[in-house]
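The values are calculated or read from the model by the stated rules, or taken from the named source; none is laboratory data. This one's a predicted model, so the numbers in the text were calculated from it and none came from an experiment. Here the Cβ positions follow ideal geometry from the backbone for every residue, glycine too, while neighbour counts run over all protein chains shown. Calculation scope for accessible area: heavy atoms of the full protein, side chains included, ligands and nucleic acids excluded. Shrake-Rupley method; radii C 1.70, N 1.55, O 1.52, S 1.80 Å.
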Amino acid sequence: AEGFNPLCGDQLKVYLYVNEELIIEDIRFEGKGCAISTASASIMTETLRGRSVEEAERYFSAFHGLTTGQDDSIDQQLELGKLEVLNGVREYPARVKCATLAWHTMQAALRGDKVSVKTE
């Protein structure tokens, strides 16, 4: 799937290989963007590789809650690890879009969407 943030120009593609057991065996990204967008995509691939599609959705919800300040949506049983370094973007709404672009694009890839994900 492809993602684009028109606000700052972040562009990326997320590639997934999900096996028959619905485990993300491989996940990669390529693209260009700001440091927040790139860091988020990199940490996302590390976090989701080897996890189930269901777990990926739980991590999406938790990360979205972390970055938007909706802490009540964070699954307390998930170990967020490196994702927590992006907690501060909640103070900068324009940067939330940078941090979440890869995650929204990952969801589009899981759904098989052909339309480019935009943060606007």
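Determine which residues of region 28-61 fall in the zone a paramagnetic label at residue 8 would reach in this model, i.e. backbone nitrogen under 19 Å from the point 7 Å along Cα→Cβ. Once the point is set 7 Å along Cα→Cβ of residue 8, 29-45 turn out to lie under 19 Å by backbone N, inside region 28-61. Residues whose amide H falls under 5 Å from that of residue 117, counting only those 5 or more places apart or on a different chain, are 2, 3, 4, with hydrogens built in the peptide plane.
Taking θ as phi - 60° and the Karplus parameters 6.51, -1.76 and 1.60, the scalar couplings of region 99-116 work out to 5, 9, 4, 4, 5, 5, 5, 4, 4, 4, 5, 4, 7, x, 4, 9, 8, 5 Hz in sequence order, x denoting glycine and proline. When the label point is put 7 Å from the Cα of residue 18 along its Cα-to-beta-carbon vector, which residues of region 79-118 have a backbone N closer than 15 Å? The answer is 103-114, whose backbone nitrogens lie closer than 15 Å to the label point. Per residue, the solvent-accessible area of the chain (1.4 Å probe, heavy atoms of protein chains only, all protein chains present) comes to 54 Å².
The fraction of accessible area contributed by carbon and sulfur in the chain is 49 percent, rounded to a whole number (1.4 Å probe; ligands and nucleic acids excluded). Averaging the sequence gap over all C-alpha pairs within less than 8 Å and six or more residues apart, then dividing by the number of residues, gives the chain a relative contact order of 36 percent. A Förster radius of 22 Å, combined with the Cβ-Cβ distance separating residue 113 from residue 30, puts the computed FRET efficiency at roughly 0.80.
Under the rule a/c < 1.5 gives rounded, and otherwise a/b versus b/c splits prolate from oblate, where does region 58-120 land using the Cα gyration tensor?
On the way: a/c = 2.29, a/b = 1.35, b/c = 1.70.
Taking the square roots of the gyration eigenvalues as a ≥ b ≥ c, region 58-120 is oblate.
The fraction of all Cα pairs in the chain landing in successive 5 Å bins from 0 to the largest distance is 2, 13, 24, 26, 21, 11, 3, 0, 0, given as whole percents. Sorted on the mean count of surrounding Cβ atoms within 10 Å across their residues, most packed first, peptides 33-45, 57-69 read 33-45, 57-69.
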